[in-house]
Amino acid sequence: MSSSKMLRLILIQHPVSDVKEDNISHVLSLIRKTVAEEKRTSVPILVVLPEFFNCHKFFEKDAEYVPDGYTSKALSGVAKELGIYIIGGSYPERDAQNPKTLYNTCTIWGPKGELLGKYRKLHLFDIEVPGKISFKESADITPGNNFTIVEIGPAKIGIGICFDVTHDEFSRTYRNEGCNFLVYPSAFPLYTGELHWEVYSRARATDFQCYVAMVSATRDFSNSFVSWGHTIVCDPYGQVMKEAGEEEEIIKLDLDFSVVDLWREQLPKFRKRRTDLYECIAKVPTK
């Protein structure tokens, strides 16, 4: 395998408390410890964090501006310190033009501490199943309006957050743009996690012949919102490569993107689409 086609992936599943500063401090220590254990090569290292990795309910209190807020500066600093890439899960972003408007935002940082991209969650999670779960993300969060693609070494990565994974047109748009890796920081609740967590990760990998990662916080019953856990990575064949349990865990593995190229050539699904009969078209620029 050629090193130019490789990416070292580190997924961090960690607990999330009510104190933002404590969450960030813990995550930074995990990143430093894990990266220090790596044998450094020319292969880029990418760390991915969960959805709302710095808080889990106090959106208004913990919201901050990007890239000038506390969390952004922490992620930028550790990325530069270690010379790595970070997909910063997500955290509540306050709109600079309208401070009362909050977004569920994922930031992506480069090895010089630079902000490579920002994605605001498009599809907000509202659910009402009597006796099971009641949750309305749209009560606090405003949906975004753009796709975000970042290129890291051989990986062309389409970014989504949690409920975005359930919308196949969303992921198809990234595939149309040539993405070979889909990353979803996520916080599925127990009810939908048991039903759909592995199903959606494997389906998106199978549908679009790409790597898929869904990264969760740990399962903590002391929180009002209990995340499913089970951070997962699937390969382009739709097979589970690694899956975490419910507790704090770090997944490390190498992704070989020549596998994506080979499988797409062997089974040319994308070229076989009947675009004379149907099509999925983005209505806003992908970038």
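The values are calculated or read from the model by the stated rules, or taken from the named source; none is laboratory data. Computed from a predicted model, the values in this text were never measured in an experiment. Cβ coordinates were reconstructed from backbone atoms using ideal geometry, including for glycine residues, and neighbour counts include every protein chain displayed. The area values use the complete protein model at the heavy-atom level, side chains included, leaving out ligands, DNA and RNA. Shrake-Rupley method; radii C 1.70, N 1.55, O 1.52, S 1.80 Å.
In the stretch 34-75, a dipole from Cβ-located charges (positive for Lys and Arg, negative for Asp and Glu) runs towards its positive end, and of Ala36, Val48, Ala63 it is Ala36 whose Cα lies farthest in that direction. With a 1.4 Å probe rolled over the protein heavy atoms of all chains, the accessible area of Phe270, Phe181 falls in the order Phe270, Phe181, largest first. Restricting the stretch 110-169 to GluC sites (Glu not before Pro) that sit in a DSSP loop and have at most 16 other Cβ atoms within 10 Å of their own Cβ leaves Glu114. Beyond 15 Å, the tail of the calculated P(r) for the stretch 199-287 holds 68 percent of the Cα pairs.
FRET efficiency for Arg32 and Glu247, Cβ-Cβ distance as r, R0 = 22 Å, nearest 0.05?
0.60
A straight Cα-to-Cα reach below 25 Å connects Lys272 with the lysines Lys156, Lys283, residues fewer than 8 places away in its own chain not being considered.
Given the whole protein assembly as supplied and a 1.4 Å probe, what does the accessible area of Trp109 come to in Å², nearest 10? We get 10 Å² for Trp109. Note on surface exposure: Glu51, Glu37 rank Glu37, Glu51 by accessible area, highest first, 1.4 Å probe.
Projecting the Cα atoms of His230, Tyr191, Ala203 onto the charge dipole of the stretch 155-287 (Cβ charges, centred on the Cα centre) puts Ala203 farthest toward the positive pole.
Over all distinct Cα pairs, what is the inverse of the mean 1/r for the chain, reported as the Kirkwood hydrodynamic radius in Å? Working shown, then result.
Working: mean 1/r = 0.0527 Å⁻¹.
19.0 Å is the Kirkwood radius here.
Each Lys or Arg adds one and each Asp or Glu takes one away; over the other residues whose Cβ falls under 15 Å from the Cβ of Gln209, this sums to +3. Among residues other than Ser134 with Cβ under 15 Å from its Cβ, the summed charge is -1 (Lys and Arg +1, Asp and Glu -1).
Using per-residue counts of other Cβ atoms within 10 Å, averaged over each peptide, order 53-65, 229-241 from highest down. List each step's numbers first, then the result.
Details: 53-65: 18.9, 229-241: 20.5.
Ranked from most to least packed, the peptides come out as 229-241, 53-65.
Amide H to amide H distances under 5 Å link Phe225 with no residue, where only residues 5 or more positions off or on other chains count and H is placed in the peptide plane.
With +1 on each Lys and Arg Cβ and -1 on each Asp and Glu Cβ, how big is the dipole of the stretch 95-231 about its Cα centre, in debye rounded to the nearest 20?
The dipole of the stretch 95-231 has a size of about 200 debye.
Farthest towards the positive end of the charge dipole of the chain, among the residues Ile133, Val27, Ile157, is the Cα of Ile157, using unit charges on the Cβ of Lys, Arg, Asp and Glu. For the stretch 136-272, the antiparallel share of DSSP beta bridges with both residues in that region comes to about 60%.
Taking the Cα centre of the stretch 120-172 as origin, work out the dipole magnitude from +1 charges on Lys and Arg Cβ and -1 charges on Asp and Glu Cβ, in debye rounded to 20.
Numbers: 6 positive and 8 negative charges, 20 e Å.
Dipole of the stretch 120-172, to the nearest 20 debye: 100 debye.
For the chain, modelled as a Gaussian network with Cα springs under 10 Å, which listed residue fluctuates most, Asn23, Asn223, Asn180? Most flexible of the set in this elastic network: Asn223.
Given a 1.4 Å probe and every protein chain left where it sits, what share in percent of the accessible area of the chain is carbon and sulfur? Provide the component values of the computation, followed by the final result.
On the way: 6480 of 12760 Å².
Carbon and sulfur together cover 51 percent of it.
Report the residue, chosen from Arg219, Arg274, Arg94, that carries the largest GNM mean-square fluctuation when the chain is represented by alpha-carbon nodes joined by springs under 10 Å. Evaluated over the chain, the most mobile residue of the options is Arg274.
Charging the Cβ of each Asp and Glu at -1 and of each Lys and Arg at +1, and nothing else, the dipole of the chain about its Cα centre rounds to 880 debye. What is the distance in Å between the Cα centres of the stretch 66-124 and the stretch 163-190? Between the Cα centre of the stretch 66-124 and that of the stretch 163-190, the gap is 19 Å.
Return the single residue from Leu190, Leu262, Leu182 with maximal mean-square fluctuation; model: Gaussian network over the chain, springs between Cα atoms under 10 Å. Of the options given, Leu262 has the highest mean-square fluctuation. With Cα atoms defining each centre, the stretch 125-159 and the stretch 232-254 are spaced 20 Å apart in the structure. Compute the signed sum of charges (Lys and Arg +1, Asp and Glu -1) over the other residues within less than 14 Å, Cβ to Cβ, of Val165. Residues close to Val165 contribute a combined charge of -1.
Note on the chain: antiparallel DSSP beta bridges, both residues inside, total approximately 65 percent of the bridges counted. Restricting attention to the stretch 20-94, the count of lysine pairs at 8 or more positions apart or across chains with alpha carbons under 17 Å apart stands at 4. Dividing the summed helix terms, -39500 (n - 2.57) for each DSSP H run of n ≥ 4, by the number of residues in the chain produces a 222 nm estimate of -7500 deg cm²/dmol to the nearest 500.
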